[in-house]
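The values are calculated or read from the model by the stated rules, or taken from the named source; none is laboratory data. Computed from a predicted model, the values in this text were never measured in an experiment. All Cβ positions, even for glycine, are placed from backbone atoms using ideal geometry, and neighbour counts span all protein chains on display. Each accessible area value is taken on the protein alone, full model and side chains, heavy atoms only, with ligands, DNA and RNA left out. Shrake-Rupley method; radii C 1.70, N 1.55, O 1.52, S 1.80 Å.
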Amino acid sequence: MSGYPTHSDRPRIVKVEESRIETETARTIFFRDEASLKAKPGQFVMVWAMGADEMPMSLAAMNDKGRSAVTVKPWGPGSNLLCSLKSGDVIGVRGPYGNSFTPKKGSVLLVGGGSGVAPLIPLSQTLQEIGAKVTFVLAGKTSGDLMLLGEAKKIISKPPHNLIIVTDDGSAGVKGLAPDAVRSLLGKEVVDQIYSCGPEKMMRMVFDLAEEKRIPVEASLERPMECAIGLCGICAVGKYLLCRDGPILDSQQLKAVSKEFGSNRLDRAGRVVPV
Amino acid sequence: MTKAAPEALTSRKLSVRIAGLTLHAPTMLAAGVVGITTHLLHRALDSGAGAVVTKSIGLQPRESYRNPTVVGVECGYLNAIGLGNPGVEAFSEQLKKLDRGLPIIMSLFGSGPDDFSRMIPILKNTPVKGFELNLSCPHVKGVGVEVGQDPEMVSKVVSLVKRGVKKPVFVKVSPNVDSVVEIAKAAESAGADGITAINTLRAMTIDIETKRPVLSNKFGGLSGSAIRPVAVRCVYEISTSVRIPVIGCGGVSKWSDAVEMLLAGASAVQVGTGLATQGYSVFSGINEGILRYLDEHGFESVEQIVGLSHSF
Ligand SMILES: Cc1cc2nc3c(=O)[nH]c(=O)nc-3n(C[C@H](O)[C@H](O)[C@H](O)COP(=O)(O)OP(=O)(O)OC[C@H]3O[C@@H](n4cnc5c(N)ncnc54)[C@H](O)[C@@H]3O)c2cc1C
Ligand SMILES: Cc1cc2nc3c(=O)[nH]c(=O)nc-3n(C[C@H](O)[C@H](O)[C@H](O)COP(=O)(O)O)c2cc1C
């Protein structure tokens, strides 16, 4: 469904090729979109769930045999509609937008929770390709909430790479919260770089631990977005526009927005509310 | 973050006086574009803007429309954000955290004199340099251009606000009216200190695959390069018909666009959509370009080129 020129900030209509069950409610939606093929790990697309909403979604895959994917957890009308779509249904996609993670060699630690695992999957692949030693902490509330576990297992399949599963209730892997696992890891291993995406309070705790050890962090934040192109301002985090300057902020930027990071955001009326 | 070149930031040639306000440069941030937090307003000033206009604020908090609220079209963008804002009380509190004296202009909307008169007690203590009345938003029922297309209503609202706030009041006009000049004249007679021209043009776009309008609100406002010739025409017509200064807005993203606006009769320009295409460096880019133009054409100040096209 293309073949005619269109504006780069206009939704391109693509078919859902597959909607894969991720958890009881979350889905990974595969589609074919030329522009998404060229995206870098950490970038996002605006996904139009027609009749409901248009939302930013990190790419969980850029080029999986020619297909791209987003992993969606249902919250409101938009994400619920996305999770109900079947193969053959259509969505709109514009982007990719935003910055991307900076892959570093050496010993790296990835910390993902919930749907925040999504952008870390293509990142972990890139990191392995450039020769980094990858430790991946993949967290969820229960064993049923772990996202993209199959992908992670495929990529992190043998030493020196290490996949650590963490659940709040211990129904899979280590019992506890992701930051607990990070604390114990940092106590016994040298880590050169941390990448994180997930609930903001989790990322804040990870960041604070990393600061104690002076380990650089790149964290991918979430904010409501309207335009995704630097106009509406609703994705503000301090002086940064998350759609343009983010969604990934580094340690220096995170320090600059220390008051907001893990604490508050704007809602769709521009009111300051807790994250 | 891009810093403006020191010369463009400090050159007195760029400085303009409008309605009693002195701006170090004639390039302003337009209403509704990033101006929703004090940090973002400050960043625009740090990037070289001579003044910044806030997002349009109303009496009550109001959520934006569901997305899609912005979509790209040839030569521009359509938006129907829906005037989402935290309400005058909360926003005024935010502004109080900023240094006093910053060149901030607060944009306001309302459904008629009543809304505006209820905002005035709060506005009296809001630390801004002036107000811009958004009587021109094309996509929200009962406010914006629905107020601003009636000269009598414009007159009522302007005189009421003017009496209440005792600060410069600019009126932002829409091209979607019978006569933009008539509206500007009504504003002037009611005591407005300046006119901002123009807001977006009411517009629509449809996705041909799914046959549905793209914006959730169906209708939105067209901005960007597509509307610059309309804006230039409005600025020319208004500035040749009123005595108060005109601020040109619509499709300005490069220095040459800004110079065209100034020649058409604008005393300053505002940039909205240009932020999407150029980022924050849009302000310093325009300022530096204007400065070069002034030097190359032998002018001592921006003010010397305002309205020069009128003599032909
Ligand atoms: C750069 C970026 C990447 C993103 N990537 C993904 C992704 O890969 N997968 C994904 O599922 N989502 C992702 N999101 C979040 C997504 O854009 C939406 O915010 C989310 O899907 C909810 O949208 P909605 O319209 O369905 O719900 P809304 O109507 O916006 O929200 C419904 C309710 O749910 C609450 N809510 C929404 N999101 C969360 C949350 N994360 N935590 C707690 N409460 C919440 C809201 O506060 C509200 O009360 C990303 C956001 C950004 C900015
Ligand atoms: C995303 C967006 C939001 C806007 N919000 C407002 C607003 O709240 N109040 C207002 O008076 N104008 C608003 N406008 C209109 C702009 O201030 C400006 O008049 C118009 O976009 C034309 O200028 P431009 O081509 O430089 O964008 C908005 C424009 C855009 C693109």
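Tabulated data for the structure shown
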quantity: Top-ranked residue of the range B:156-179 - restricted to ones that are among the hydrophobic types (A, V, I, L, M, F, W, C) and touching a residue at least 60 places away in the same chain (Cβ under 8 Å), ranked as surrounded by the fewest Cβ atoms within 10 Å (Cβ to Cβ); calculated: B:170
quantity: Number of the condition not met by residue B:270 [criteria: (1) within 14 Å of ligand 2 (Cβ to nearest atom); (2) of a type outside the set (A, V, I, L, M, F, W, C); (3) open to solvent by 60 Å² or more (accessible area, probe 1.4 Å)]; calculated: (3)
quantity: Condition check for residue B:237: open to solvent by 50 Å² or more (accessible area, probe 1.4 Å), over 19 Å from residue B:194 (Cα atoms) and not β-branched (Val, Ile, Thr); calculated: no
quantity: Enumeration of residues in the range B:58-74 that are of a type outside the set (Ser, Thr, Tyr) and facing chain A (nearest Cβ under 9 Å); calculated: B:61, B:62, B:63, B:66, B:67, B:68, B:70, B:71, B:72, B:73, B:74
quantity: The range A:45-69 - residue that is of a type in the set (D, E, K, R) and within 14 Å of chain B (Cβ to nearest Cβ) and, of those, farthest from ligand 1 (Cβ to nearest atom); calculated: A:54
quantity: Residues of the range A:95-138 that turn out to be within 14 Å of ligand 1 (Cβ to nearest atom) and part of a strand (DSSP E or B), as a count; calculated: 5
quantity: Any hit, the range B:92-112, residues being surrounded by 22 or more Cβ atoms within 10 Å (Cβ to Cβ), out of contact with any Pro (no Cβ under 6 Å at 6 or more places or on another chain) and among the small types (Gly, Ala, Ser); calculated: yes
quantity: Members of the range B:106-131 that are over 21 Å from residue B:195 (Cα atoms), among the β-branched types (Val, Ile, Thr) and outside any loop (DSSP other than H, G, I, E, B); calculated: B:122
quantity: Yes/no for residue A:267 being acidic (Asp, Glu) and either more than 9 Å from every other protein chain (Cβ to nearest Cβ) or buried (at least 21 other Cβ atoms within 10 Å of the Cβ) (or both); calculated: no
quantity: Some residue of the range A:253-263 being within 12 Å of ligand 1 (Cβ to nearest atom) and either away from chain B (no Cβ under 14 Å) or open to solvent by 10 Å² or more (accessible area, probe 1.4 Å) (or both); calculated: no
quantity: Tally of residues being assigned to a strand (DSSP E or B) and open to solvent by 20 Å² or more (accessible area, probe 1.4 Å) across the range A:238-252; calculated: 2
